[in-house]
1. Considering every residue within the range 164-174, establish whether at least one is more than 12 Å from the chain's Cα centre (by Cα), of a type in the set (Gly, Ala, Ser), more than 16 Å from ligand 1 (Cβ to nearest atom) and more than 25 Å from residue 42 (Cα to Cα).
2. Any residue in the range 140-151 that is surrounded by 11 or more Cβ atoms within 10 Å (Cβ to Cβ), within 16 Å of ligand 2 (Cβ to nearest atom) and basic (Lys, Arg)?
3. Does residue 107 satisfy the criteria of being more than 16 Å from ligand 1 (Cβ to nearest atom), in contact (Cβ under 8 Å) with a residue 40 or more places away in the chain, surrounded by 18 or more Cβ atoms within 10 Å (Cβ to Cβ) and basic (Lys, Arg)?
4. Quick check on my filter: what residues within the range 38-50 are assigned to a helix (DSSP H, G or I) and either under 25 Å from residue 106 (Cα atoms) or free of Cβ contacts under 8 Å to residues at least 60 places away in the same chain (or both)?
5. Of everything in the range 110-130, what is away from ligand 1 (no atom under 16 Å from the Cβ), at pLDDT 95 or above and surrounded by 14 or more Cβ atoms within 10 Å (Cβ to Cβ)? Give them in sequence order.
6. Residue 59 - would you say it is in contact with a Pro (Cβ under 8 Å, 6 or more places away or on another chain) and within 26 Å of residue 161 (Cα to Cα)?
7. If the requirement is being basic (Lys, Arg), under 23 Å from residue 175 (Cβ atoms) and at pLDDT 95 or above, which of these qualifies: 142, 148, 164?
8. Among the residues of the range 121-136, is there at least one that is more than 11 Å from ligand 2 (Cβ to nearest atom) and assigned to a loop (DSSP other than H, G, I, E, B)?
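The values are calculated or read from the model by the stated rules, or taken from the named source; none is laboratory data. Quick caveat, the model's predicted, so the values are computed rather than measured. Positions of Cβ are backbone-derived with ideal geometry, glycine not excepted, and every protein chain shown enters the neighbour counts.
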Amino acid sequence: MGASDFMKNIYDRAETPWESKAAWQIVNRNLDYLIHRHRDELKNAVMLARNMEDSLESMFTLLNDLCRATCPWCPAPCCLSAEVWMDFKDLVFLHLAGHPIPDRQLRSHLKKVCRCWRPKGCVLPRISRPWICTWYLCPTQKAILLRKSCDARDKFSRQIQTVKDCRRKMEAEFIRVVS
Ligand code: SF4
Ligand code: SF4
């Protein structure tokens, strides 16, 4: 399968989150192949992934604080009902930034709970979680954030915007190079 077929395949399957083990292995093998084949031309995409990694890491202190203040006492953990999976940008980021790839897509079926959830929380390191798991704040956490200073809230908004921009540019650059 050529690079353009691969990209077409991804977007034809935009609603399918590679839930079977075989589909998951194929998409990850193809990403590996394309990244090795276009290693030199993908330097800008790798730089965007690194910028994104820095921005994500700069958010983790606040996110960990919010989680510590709320999650251990939560009566209805959001992960049990979240319709979450690794999307294409999540996967491209993990590959370009050199982070481990989970063995399987996070859900085997839309009605199943995320494979990474445990009673004590998520087993994935924050950097490896889908973007939606990072930016999502539940109402309790939002209420705590609202009590923080204007500067802290503005900083968080800016960090979110930076990651969103990096994700969009990184994906566009990846597709431009491999297509
Ligand atoms: S983020 Fe909010 S809803 Fe989700 S587990 Fe933590 S406290 Fe509960
Ligand atoms: S990846 Fe982690 S944070 Fe995201 S839904 Fe699954 S258990 Fe929750």
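1. Taking every residue of the range 164-174 in turn, none turns out to be more than 12 Å from the chain's Cα centre (by Cα), of a type in the set (Gly, Ala, Ser), more than 16 Å from ligand 1 (Cβ to nearest atom) and more than 25 Å from residue 42 (Cα to Cα).
2. No, the range 140-151 contains no residue that is surrounded by 11 or more Cβ atoms within 10 Å (Cβ to Cβ), within 16 Å of ligand 2 (Cβ to nearest atom) and basic (Lys, Arg).
3. Against the criterion (more than 16 Å from ligand 1 (Cβ to nearest atom), in contact (Cβ under 8 Å) with a residue 40 or more places away in the chain, surrounded by 18 or more Cβ atoms within 10 Å (Cβ to Cβ) and basic (Lys, Arg)), residue 107 qualifies.
4. 43, 45, 46, 47, 48, 49, 50
5. 127, 128
6. no
7. One residue alone meets the criteria, 164.
8. No, because not a single residue in the range 121-136 is more than 11 Å from ligand 2 (Cβ to nearest atom) and assigned to a loop (DSSP other than H, G, I, E, B).
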